[in-house]
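For reference, the structure discussed in these notes is given below.
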Amino acid sequence: MAQRETDIELYRMQAGIARVLGNPVRLRVLNLIGGREVAYGALLDDLGVSKANLSQHLAILRQAGVVSVRRDGVHVYYRLTYPEIKDLCSAMRDILTKHLSASGRQGRRLMRRERREAGA
């Protein structure tokens, strides 16, 4: 494959991953998993979504290759396929935080809410 074709394919793949990451519940899942392996039940408890909803989001993340699954008897565990995904999400949040703090009163209000929720 020529370099130009390779670049086009990489951009197509990058856009696909961006679409997968473009959902708040899936971003919360990735944040909860972080750099460790997390049981399905723990994700369900922490997220407060229905089993069906969580299963759909995890299936999308698995199909995209973002998370991997390990089964141990009746228990199911999820982890990031590539640890760099955590860094990517953190970098995106850092950029958005800077953007909000630069955007005046509304940004400051959202930042206060974010800090309250992070402390909860």
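The values are calculated or read from the model by the stated rules, or taken from the named source; none is laboratory data. These figures come from a predicted structure and were not determined experimentally. Here Cβ is always computed from backbone atoms with ideal geometry, including for glycine, and neighbour counts include all displayed protein chains.
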**Asked** Between a first residue in the stretch 1-27 that is farther than 19 Å from Q56 by Cβ and a second residue that is in a loop (DSSP other than H, G, I, E, B), which pairs have beta carbons less than 9 Å apart while being 6 or more apart in sequence or on different chains?
**Response** E9/M1
**Request:** Find the residue count for the stretch 1-56, including only residues that are of a type in the set (D, E, K, R), over 12 Å from C89 (Cβ atoms) and in a helix (DSSP H, G or I).
**Result:** 9
**Prompt:** Going by the conditions given, is I85 modelled with pLDDT of 95 or more and either surrounded by 14 or more Cβ atoms within 10 Å (Cβ to Cβ) or in contact with a helix residue (DSSP H, G or I) (Cβ under 7 Å, 6 or more places away or on another chain) (or both)?
**Reply:** no
**Prompt:** Do you know which of the residues in the stretch 57-73 that are assigned to a strand (DSSP E or B) and in contact (Cβ under 8 Å) with a residue 12 or more places away in the chain is farthest from M13 (Cα to Cα)?
**Reply:** R70
**Request:** Would you mention how many residues in the stretch 5-36 are exposed (fewer than 13 other Cβ atoms within 10 Å of the Cβ) and under 13 Å from K86 (Cα atoms)?
**Result:** 2
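Per-residue answers, yes or no, for (1) out of contact with any His (no Cβ under 7 Å at 6 or more places or on another chain); (2) over 12 Å from V29 (Cα atoms); (3) small (G, A, S):
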{"site": "S50", "(1), (2), (3)": "yes, yes, yes"}
{"site": "L58", "(1), (2), (3)": "yes, no, no"}
{"site": "Q63", "(1), (2), (3)": "yes, yes, no"}
{"site": "V67", "(1), (2), (3)": "yes, no, no"}
{"site": "R70", "(1), (2), (3)": "yes, yes, no"}
{"site": "G73", "(1), (2), (3)": "yes, yes, yes"}
{"site": "V76", "(1), (2), (3)": "yes, yes, no"}
{"site": "E84", "(1), (2), (3)": "yes, yes, no"}
**Request:** Give me the pairs, please: first residue somewhere in the stretch 42-56 and on the phi < 0 side of the Ramachandran plot, second residue anywhere and of a type in the set (S, T, N, Q), beta-carbon distance under 9 Å, and either six or more positions apart or on two chains.
**Result:** L44/S50; L47/N53
**Request:** Report yes if Y40 is modelled with pLDDT of 95 or more, of a type in the set (F, W, Y) and touching a Ser or Thr at 6+ places or on another chain (Cβ under 8 Å), otherwise no.
**Result:** no
